[in-house]
1. Which one, A136, A231, A50, has the greatest fluctuation when you compute a Gaussian network model over the chain with C-alpha springs under 10 angstrom?
2. Name the residues whose placed amide hydrogens come within less than 5 Å of the amide hydrogen of V97, ignoring near sequence neighbours (fewer than 5 apart) on the same chain.
3. Need one number: % antiparallel among DSSP beta bridges in the chain, to the nearest 5.
4. Skipping prolines and chain starts, which residues have an amide H placed within reach, meaning under 5 Å, of the one on T120, given they are 5 or more residues away or on another chain?
5. So for each of 336-348, 22-34 I average, over its residues, the number of other beta carbons within 10 Å; can you give me the resulting order with the highest mean first?
6. Calculate log10 I(q)/I(0) of the chain for q = 0.06, 0.13 Å⁻¹, where I(q) comes from the Debye formula with a single equal point scatterer on each Cα and nothing for solvent.
7. When the helices in the chain are scored as -39500 (n - 2.57) per DSSP H run of 4 or longer and the sum is shared across all residues, what 222 nm value do you end up with, to the nearest 500 deg cm²/dmol?
8. Hey, got a sec? Which GluC sites (Glu not before Pro) in segment 11-100 land in a DSSP loop and have at most 13 other Cβ atoms within 10 Å?
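What follows draws every value from the coordinates through simple rules; no lab data is involved. Fair warning: this is a prediction, and the values are worked out from it, not measured in the lab. So basically every Cβ, Gly included, is an ideal-geometry build from the backbone, and we count neighbours across all protein chains shown.
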Amino acid sequence: MTFVPLSRPPVDDEIKRAVLAAIDSRQYILGPQCRQLEAELASATGVKHAVLTSSATAALWLALRALGVKAGDEVLVPSHTAFPTVEAICVAEATPVFVDADEFYTLDTRDAEAKATPRTVGMVPVHLYGQSVDLAAVERLASRLGIWILEDCAQAQGAEWDGRRVGSFGRAAVFSFYPSKNLPGMGDGGAVLTRDDEIADRCRRLRDHGRLDKNVHAELGFNLRFSELQAAALRVLLPRLDAMNERRRALALRYADGLANLPLALPEEREHGRHVYHLYVVRTPRRAELAKFLKERGIQTGIHYPVPTHRQPPVEHLSPPPLPRTERLVEEILTLPMSADHADEEIDRVIATVRAFFGA
Ligand SMILES: Cc1ncc(COP(=O)(O)O)c(C=O)c1O
């Protein structure tokens with residue numbers, strides 16, 4: 001029985017050659033590969049600046065600091081996201097205000113509006129599973145409230161809203177190059193993207209100890225710099241991003257055909273969006289049984305995420321109110337194998353096994 005992993009990062013000779021050349025260059029941190037990748041990322045997203053950093057978590061913290069958040073500021077954030085989105089808000093000393101999910105599992109702007117207060121300074125919509133939030137509604141709400149938007153694109157690099165790339169809508173945006181992401185690195189990595197010169201400058205300074213120049217530190221930052229080896233590998237993959245996302249979309253279509261007519265809710269694509277299927281998440285009240293059945297047959301699954309962020313111990317002191325839709329969906333969601341490197345035959349095996357589970 002062959003094992004079907006949840007995700008499979010690409011490895012090939014072109015990537016290896018690029019990394020070896022970076023090793024030979026003897027420049028390992030924030031060198032020419034990083035500078036070129038920053039220019040290429042900015043241009044691919046349609047913004048002016050990209051600032052590479054050690055992870056998307058770091059990118060969120062840098063962007064929040066650059067946006068000037070301070071203690072007492074409230075930031076609207078979907079509870080249904082990876083914990084780092086919320087963690088970065090807390091570490092930047094602002095207060096996360098948790099918003100329920102809409103029918104596409106992303107931030108519900110009606111609930112966000114209801115939760116806004118005079119202390120609300122910004123909103124961090126998360127383009128979850130590869131799908132854009134309703135950016136028209138998000139932009140309308142932000143302008144009505146007079147607050148900034150920081151897009152969390154960690155799961156949605158290359159996704160679009162109305163033909164425009166996510167990451168080009170907010171005051172700033174963050175991306176992740178974690179190995180399972182749509183643009184997979186060979187380790188941790190992330191970036192802040194923005195068209196705002198001041199935010200970009202401040203992020204660059206904060207990622208290198210708040211340094212103004214070699215010897216003077218204007219403020220406290222941290223070491224959140226980026227590696228040349230990683231940048232070299234990512235520069236090989238960035239031109240393949242659209243093709244890799246097309247591959248994910250083709251596999252999603254394969255799943256949709258193969259899993260039709262089962263008592264299983266499949267992902268739906270928003271009308272104005274282009275979903276890039278970072279994760280293929282289905283939904284069933286029989287989640288635990290189905291996961292066990294697949295595991296016994298060599299198929300890995302995941303749950304993104306079983307414990308909602310508003311129920312995590314570090315935010316308990318905020319006493320977040322219940323979020324009914326989020327609390328219901330986390331009991332039923334299951335992530336099936338998906339990446340650009342999965343073979344059709346692997347997805348067909350997952351489909352056949354899910355169908356067998358339901359006796360179809
Ligand atoms: C939505 C979201 N935001 C932020 C992060 C943090 O990304 P990183 O692992 O690069 O710090 C993740 C990682 O899974 C994520 O899924």
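1. Fluctuation is largest for A136.
2. Answer set, sorted by chain and number: V75, L76, V77.
3. If I count the DSSP bridges inside the chain, around 60 percent turn out antiparallel.
4. E74
5. Top to bottom by mean Cβ count within 10 Å: 336-348, 22-34.
6. Those come out to -0.22, -1.03, one per q.
7. -11000 deg cm²/dmol
8. Qualifying residues, ordered by number: E93.
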